[in-house]
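Student: For reference, the structure I am asking about is given below.
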Amino acid sequence: MNFLRRTFIHNTILGLLIALLISLFVCQSLSQTKLKAEESHSQLIVELFSSDLSQNSKELIKALKSTNTYRLLKVQTATGAILHQYTTQTPESYLSQNLMSWLGLKTAPQPLSSSDKQFTITYELAFTHEYAQADKLLMLIWGGLLMSVIAFSFIALANFKKLIQKTADQLGEQFHLERSEKTDHSGNQISKECQPLYETLNQQYQKLSQQIDKWKSSAESLKHESELDELTGLANRRSFLDHFNQLLKSERANKFGCLAIVRATELQAINQSRGFEAGDEYISTLTQAIERVSDSVQSASVYRLNGADFAIIIPNILVKEVEAFAAKLSGRFAELQQVFDSNSIAYTGIVAYESNDSVADLLALADTGINIAQTKTANAFHIQSDKSVLNNVSAKYGSQNWREVIEDVLNNKRVILFYQPIQPTNKNSKVYSEILARFSNKDGQVLPTHSFVAMAEKMGQIISIDRLIIECTMNLIQQKNIVSQSFAINITAKSAHDEQFLVWLERRLLREPAIASKLIFEITEFGINQNTVASKRFIQMLHRCGARLTVERFGIGFTSLKLFREIKPDYVKLDGSFSRNIDEDKNNQYFVRVLIDLAHRIGVSVIAESVETEVEKHTLEKIFIDGTQGYFIGKPTEL
């Protein structure tokens, strides 16, 4: 009996040690998987910070939530204001999670900040599926080893040491044959005393094999989903980088071809003016057009890099041959331009690649091509064959081309003014029409507004552009004698906070008091919060001259209510996200109603933009909005 007791204790300790070692290996593997996933996600966030989405907190948050599942996600501004915060309501506790914490393998959430310190993102990925699968694996390991210990102990009780040794040899040989030859054995070679044990262990082995196969299948499925863009179904940026890097570093020599980057330049404008559903439709339609044209080229592959950018890899094609493909793509975009009633659809930059080229350099060259294309005709393309621009700071990103275009617009006043009406909801509501400026090149082609403004700001010309828009608006009002109407002009925070601009604007308004009293200047809530002292000076100057102020994109920050106390505007224009599906969202209705009531108490009128349906308009009227604006109310019309 002492021998049996020692055998049982020995088997138990050995089983526990094996289970502990395997558990440690599982936890270590899970920890490495988490670290790799978090590093990859951090890199994705850095890429989002450097994209166009970094200028729009809502788009940035939407892009983040579409990439992964979080246990914790918090987005803050530079001032500490929380734009978005999400934490799982029910804390989840897993065996593997607790074991990793006990072993010191658990990682804490780390904040990431954008290069301009505008946003700080703190996140912790959920890993719910991975923890659950790890728990199942640990339970199977512990349960299986426990059963093995008990089984071998009972065998020892019946057959003593000699029978145990014989059984172990037979079982080892049998399982080795099953694994190596992949044949189905009935276990006839096992002794009768061990037959029940063999059958039990074989059943557990088959179950474990099936479970491992399921895990492999699940892992492959998750990997496939993580490499696809949800909206378009195209492979995403991660898949593009993996494929392109492998292509450029392939051991097979003479790898060459062309990379095309297509930028959907109208996405932000459509999202703001027509709503996010229209933006999704625009992207989906554009995807179909790109895929259809790409299908005509052998081995071409299409990817969606981010919200507005698509990549097309065309292997084994020369630069002189890719021009026909680009022309076909531009022609298709021109057809879609009529469908979406927009100034353009997309622009394309193309660059040739060879083996061992740098992906970063190729993307920079393609981006340069896009910016040069935007200075040409609508939906144009540009083949960037001069790679020396990478070493020339002044020429990088097509700056020289844009500089010439911006100077031409300023010198020749190439501004086209449109207006979009705001409809009052009652006779006592005093509202206005918003002026929308468009810019053209010397050939009369309308330039992409978002790109033009971004480049003007980058080159320090945005104040001059604001002055030009104000001059043209006031001159047109005087020429057409429409001083009975009120018009709003969008102005950047940079201009509003510039002392020389304030002096110029005050003198200009004082020269035309009748027109000044009909002007409203719109500035974003974010722009006002950048410098509240300078913003107060700007508002005071406007009121002295008889003009008024609207705070647009209002309500998305936690500082919104503070503006009512510190800066009393004449109007606030709610961010378009409040209008979207407000008829179905009771909480949104209540929040907007509170804002309207608070604004009315201090004499501030409230306007809703991005109103796209009749039910949205009626819902807003029921909660006493003062005015509504959007494509349902009226499209922009040339002034």
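Student: Within the range 278-308, work out how many residues are touching a strand residue (DSSP E or B) at 6+ places or on another chain (Cβ under 7 Å), farther than 23 Å from Lys255 by Cβ and not in a helix (DSSP H, G or I).
Tutor: 2
Student: State all residues of the range 420-432 that are buried (at least 19 other Cβ atoms within 10 Å of the Cβ) and under 32 Å from the mean Cα position of the chain (by Cα); if no residue qualifies, say none.
Tutor: Hits for the range 420-432 are Gln420, Ile422.
Student: Output the number of residues of the range 548-577 satisfying the condition of being modelled with pLDDT under 90 and not in a loop (DSSP other than H, G, I, E, B).
Tutor: 11
Student: Taking Phe452 as the residue in question, decide whether it is farther than 28 Å from Lys430 by Cβ and aromatic (Phe, Trp, Tyr).
Tutor: Details: farther than 28 Å from Lys430 by Cβ: yes; aromatic (Phe, Trp, Tyr): yes.
Answer is yes for this residue.
Student: Filter the range 465-514 for residues that are polar (S, T, N, Q) and either touching a residue at least 40 places away in the same chain (Cβ under 8 Å) or not in a helix (DSSP H, G or I) (or both); which is farthest from Arg553 (Cα to Cα)? Please lay out each step first, then the result.
Tutor: Let us first name the residues in the range 465-514 that are polar (S, T, N, Q), namely 473, 475, 478-479, 481, 484-486, 490, 492, 495, 500.
Of the ones still in play, those that are also either touching a residue at least 40 places away in the same chain (Cβ under 8 Å) or not in a helix (DSSP H, G or I) (or both) are 473, 481, 484-486, 490, 492.
Values: Thr473: 23, Asn481: 31, Ser484: 27, Gln485: 23, Ser486: 20, Asn490: 12, Thr492: 13 Å.
Across the range 465-514, the extreme among qualifying residues is Asn481.
Student: Does Phe240 satisfy the criteria of being at pLDDT 85 or above and buried (at least 17 other Cβ atoms within 10 Å of the Cβ)? I'd like the intermediate steps shown before the answer.
Tutor: Details: at pLDDT 85 or above: yes; buried (at least 17 other Cβ atoms within 10 Å of the Cβ): yes.
Taking the combined requirement at face value, the residue satisfies it.
Student: Here's another thing I want to ask about it. Taking the residues in the range 323-364 that are surrounded by fewer than 20 Cβ atoms within 10 Å (Cβ to Cβ) and β-branched (Val, Ile, Thr) as candidates, determine which candidate is nearest to the chain's Cα centre (by Cα).
Tutor: For the range 323-364, the residue satisfying everything is Val359.
Student: Considering each residue of the range 589-639, count those that are out of contact with any helix residue (DSSP H, G or I) (no Cβ under 6 Å at 6 or more places or on another chain) and outside any loop (DSSP other than H, G, I, E, B), and give that number.
Tutor: 25
Student: Now for a separate question. Can you confirm whether the range 327-349 contains a residue that is of a type in the set (A, V, I, L, M) and touching a Cys at 6+ places or on another chain (Cβ under 9 Å)? Working first, answer last.
Tutor: Narrowing the range 327-349 to residues of a type in the set (A, V, I, L, M): 327, 329, 334, 336, 339, 345-346.
With the extra rule that they be touching a Cys at 6+ places or on another chain (Cβ under 9 Å), the set shrinks to none.
No, every residue in the range 327-349 fails to be of a type in the set (A, V, I, L, M) and touching a Cys at 6+ places or on another chain (Cβ under 9 Å).
Student: Return yes or no: is Ile317 outside any helix (DSSP H, G or I), surrounded by fewer than 22 Cβ atoms within 10 Å (Cβ to Cβ), of a type outside the set (D, E, K, R) and assigned by TED's automatic domain parsing to the domain that holds Ala364? Full working, then the answer.
Tutor: On the way: outside any helix (DSSP H, G or I): yes; surrounded by fewer than 22 Cβ atoms within 10 Å (Cβ to Cβ): yes; of a type outside the set (D, E, K, R): yes; assigned by TED's automatic domain parsing to the domain that holds Ala364: yes.
So Ile317 passes the test.
Student: Yes or no: Asn56 surrounded by 14 or more Cβ atoms within 10 Å (Cβ to Cβ), assigned by TED's automatic domain parsing to the domain that holds Phe119, within 20 Å of the chain's Cα centre (by Cα) and at pLDDT 70 or above? Can you show your working first?
Tutor: Working: surrounded by 14 or more Cβ atoms within 10 Å (Cβ to Cβ): yes; assigned by TED's automatic domain parsing to the domain that holds Phe119: yes; within 20 Å of the chain's Cα centre (by Cα): yes; at pLDDT 70 or above: no.
No.
Student: If you don't mind, there's one more thing I want to ask. Could you tell me how many of the residues in the range 599-630 are surrounded by fewer than 16 Cβ atoms within 10 Å (Cβ to Cβ) and either more than 28 Å from Arg565 (Cα to Cα) or not assigned by TED's automatic domain parsing to the domain that holds Phe578 (or both)?
Tutor: Result for the range 599-630: 3.
The values are calculated or read from the model by the stated rules, or taken from the named source; none is laboratory data. All figures in this text were calculated on a predicted structure; none of them were measured in a lab. Every residue, glycine as well, gets a Cβ built from its backbone with ideal geometry; the counts of neighbours run over all protein chains shown.
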